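Worksheet: the structure to be examined is printed underneath.
Coordinate-derived values only; no laboratory data. Values in this document were obtained by computation on a predicted structure and should not be read as measured data. Every residue, glycine among them, receives a Cβ derived from its backbone with ideal geometry; neighbour counts consider all protein chains shown.
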Amino acid sequence: MTLTQTRSAEAPPAAPAEPPAPTPPRRTAFAEGADRLRHAATTEPGRLRIIGALLAALVLGFGAVTAWETTDRASAADDVLTSSQPLSSDAADIYRSLADANTAASSGFLAGGQETAESRARYEKGIRTAADKLVTAAANADPDSPSTPTISKLNRLLPEYKGLVERARTYNRQGFPVGGAYLRYANEKMQQEMLPAAEDLYTKENQRLRSDYGRATPYPWLAIALGTAALAALAWAQRRNYLRTNRILNHGLVAATVTTTAVLLWLLVGHTLARSGLNDSHDHGVRSLTVLNDARIASLKARGNENLTLVARGAETRKVGDETVDAYDYDFERNMDTLAKGLTHARRLADDSTGEKPVAAAVGNMTEWQKRHDAARKQDDNGNYQQALNMVIGPRGTTGECFDNVDANLATALKHEQNEFKSAATDGRDALTGLPVGAAVLAVIGALGAVLGIGRRLSEYR
Amino acid sequence: MLNKARRMRAGLRGWGGVGAMFTACALALLLALLLTCTGSTARTTPDAAPAADTGSNTARNAPNAPNAAPRPGTAHAPGTMAGAAAEAEDCTAPEKQTLSPSDADGPAIEAIKNRPGEKRKLIVGVDQNSYRWGYRNPNSDAGGSGNGGGTRLEGFDIDLVHRIAEDILGDPDAVQFKAIPTAQRIPAIQSGRVDLVVRTMTITCDRLKDVAFSAPYFKTGQQVLAPKTSPVTGYDETLADRRICTAKGSTAYAKLEEDRKSGDLPASTDISTQVPNQLDCLVRLQLGEVDAVVNDGALAASQAAQDPTVELKGDAFTTEYYGVAMKKDADDLVRRVNQILVDWRKDTKNGWQASYDTWLSATLAGDSSKSEPPAPEYLRKS
């Protein structure tokens, strides 16, 4: 790219050297032109014409490349802000709402025939959010993008899952244990097919976000190089002018220098601002958002496993070393570890007190949750199932309260980080506003200035 | 290269087992035919179940295969003194291989009684999915938790558990229930995660190698469950090309596998669907993922009770007895449970019959005589 650009800009002076130009009977237009150029280069007006054309071409080329490179970056920055980041957080929301609905369904089952209005509402909300976000994701995915098959898979599984849960609910109301079997089947579908698909979608959307960042932030080296070259050429032309005529200022050339400098400075400052805004939005927004989303998902998984420990009542076990442990309780502990690590990390990433406060609160909730969970497990291990159940889904002082608090605090933190991201990324994107058009207009003015400035010198030969 | 060889060897090992089993089956069948020369096959008479069970047992112990020959005969005339010693050796009537009842406490019972504080409970493996046997009734208001209840387990098996707890620990509620999938029953006992398993568990010779059983407390047999509109008529050739669901680790699957090999079940029958709990089969059946379910009649009936569009097809094609399973060396506990079972059967007010009437008469057509276990025999001496 760079090579061709440079060569085309320098083509006129290089051209005379190339054609062998013997004296064939019929000469091509190109040879004729080259010949005339060679003739022209031997006289001062001819040289001036060549210099004028070169300067105008350089300035115009600089403007065009600047406009092109910044348009590209501005559109990538716009994608980050308005498309890929929202889609990535939508994908996280899909995962979260699915897991939330599944957890709510298992809580409802634990509560017996009369599931509470809250758990029902929570379940419905989870399903609705997932369905809404899936529509958004589908609308934003190109037909051949890697997310499309995943989205359609989720769209297919969601009604299947809902059907199973509704059957479970109906049988549960009739007092038939086959309701529980349906719920297990639904849970299996969720855990083994839907959540992995949602995770896959999240990964893919994050890749897209990363690649948009990758397109938005690199330095526009070509434009910078061309700008520097144009400035150098202008300086050389003016020095030549001074040496030959002893005139210090040529208005046209000065105008061209000023506009070129302005474009170059605008480009450097604008891009640096955009870059820092975007980097800021990544480091303080996206990174925090990812960590917080992961933590929130871990807390949801932990809650789901806590419920399933009681639903399954020891039906699932796993070998850890020599010990046989409850599979769901084992997973719960792993999820809590992930949550703890995620919260520590999020706290480190939080750069202001507004961002740190909810995370700190969530850490407190989590500690309390673990304490209450241990107490509930102890009851269950002592055979006091009902007491254990009351400590998990009962009316007061439950682990459920702690989970809700963790979730609410993480939601607050996520909202804050989302705003941080938005303002930083908006600053970044806006730093490029007008740059492409401005660069184009200024370059045209600069080129005109160069042509007029040289034209003024040229007119002295008539 | 080495890997490949190892994989091949592993593959061959699997086939070796299958081959041995097949050879043993063929040998047993041949000898049985030669010696009895009677036309009555074991398949259609429910009484022949012990023969079926021993069949699978011998199949796994190829060297014993010739001993299997007289068995179909002894199965029809069980309990003769002459047969007793031989039966203890190669197991024909597994339901009799238990210890005589006794009230005495031994090390196993002491260990349970000595559990400290709140842990002083009997730990029992049960099912929470078997309607009317051991299940969570979501609409029962027991528990008094204020959150709608529905957390208590109830059913025929659960009644027995409470009775055992009351007898051993003096409190019917001194029980810690652990829900256990069908295939996990034996490992749960062996690892000591539970003291006993009361979970519609059939007494079989195979299982006797790993755990000890009480005397039988219920009689049932394998039956086919299918939609009312299904062309399946029972355990016969109408099952050709059908998909059958069974619980993993159940006697039903063992029987199907064996019969398909011997040709008693059409070879085109697909028996690959295995689920952790028998009730999951009803889910698969309702979703159209399988065409029929094979299960103990007692459990199949409780599935049918949850869905009026399915029914039991044909008669029971095996005879099986449910027993309480315990650790193999927990002799005192086995004797104690046998004593409890004797009392339970005798108790007319709150015993076996009362539990049957409460839980099972509705699903099993009222007649309890078909389900009553035989008079217990205690042939195991140590």
Per-peptide average of other Cβ atoms within 10 Å, ordering A:146-153, B:128-135, A:251-258 highest first: B:128-135, A:251-258, A:146-153
Share antiparallel - DSSP beta bridges, the range B:222-318, percent rounded to 5: 55 percent
Other protein chain Cβ atoms within 10 Å, averaged over every residue that makes up B:273-285: 4
Label-to-label distance, nm, for residues given as B:A375 and A:I248 (7 Å Cα→Cβ offset): 13.4 nm
Separation in nanometres of the label points that stand 7 Å from Cα toward Cβ, at A:R36 and A:S423: 6.2 nm
Euclidean distance of C-alpha centroids, the range A:105-156 and the range B:175-201, integer Å: 36 Å
FRET E, pair B:S272, A:D72, Förster distance 41 Å, beta-carbon r, rounded to 0.05: 0.15
Segment A:D351-A:T116, extension gain: residue separation times 0.36 nm, minus the distance between their alpha carbons: 80.6 nm
3J(HN,Hα) from dihedral phi, the range B:111-124, Karplus parametrisation 6.51/-1.76/1.60, rounded to Hz, x for glycine, proline: 4, 5, 5, 8, 5, x, x, 5, 7, 6, 9, 7, 9, 10
Exceeding the 19 Å Cα-Cα cut-off - candidates A:K153/A:K204; B:K228/B:K313; B:K96/B:K327; A:K319/B:K209: A:K319/B:K209
Other-chain or far-sequence residues with amide H under 5 Å of B:N295's (modelled H): B:Q223, B:L225
Using θ = phi - 60° and Karplus 6.51 cos²θ - 1.76 cosθ + 1.60, couplings along the range A:200-215 (whole Hz; Gly, Pro as x): 4, 4, 4, 4, 5, 5, 5, 4, 4, 4, 4, 6, 5, 4, x, 7
Nearest 10 degrees, 0 to 90: helix A:2-14 Cα axis against chain A principal axis: 10 degrees
Modelled FRET efficiency - R0 30 Å, A:A29 with A:R240, Cβ distances, 0.05 increments: 0.45
Gap separating the Cα centres of the range A:430-460 and the range B:347-369, nearest whole Å: 101 Å
Distance from the range A:302-335 to the range B:232-277 (C-alpha centre basis), Å: 32 Å
In order through the range A:292-297: 3J(HN,Hα) via Karplus (6.51 cos²θ - 1.76 cosθ + 1.60), integer Hz, x for Gly, Pro: 5, 4, 4, 5, 5, 5
Average partner coverage of B:126-139, which counts Cβ from other chains inside 10 Å: 5
Listed peptides B:260-267, B:243-250 by packing density, highest first (mean Cβ within 10 Å): B:243-250, B:260-267
Residue-averaged beta-carbon neighbours from other chains (10 angstrom radius) around A:168-178: 6
Sequence ranges A:386-394, A:233-241, ranked by mean other-Cβ count within 10 angstrom, highest first: A:386-394, A:233-241
Amide H within-cut-off set for B:D270, under 5 Å, with H built and near neighbours excluded: B:D241, B:R242, B:R243, B:I244
Separation of the A:L265 and B:D329 label points, Cα + 7 Å toward Cβ, nm: 9.2 nm
Per-residue [θ]222 nm for chain A (sum of -39500 (n - 2.57) over DSSP H runs n ≥ 4, rounded to 500): -28500 deg cm²/dmol
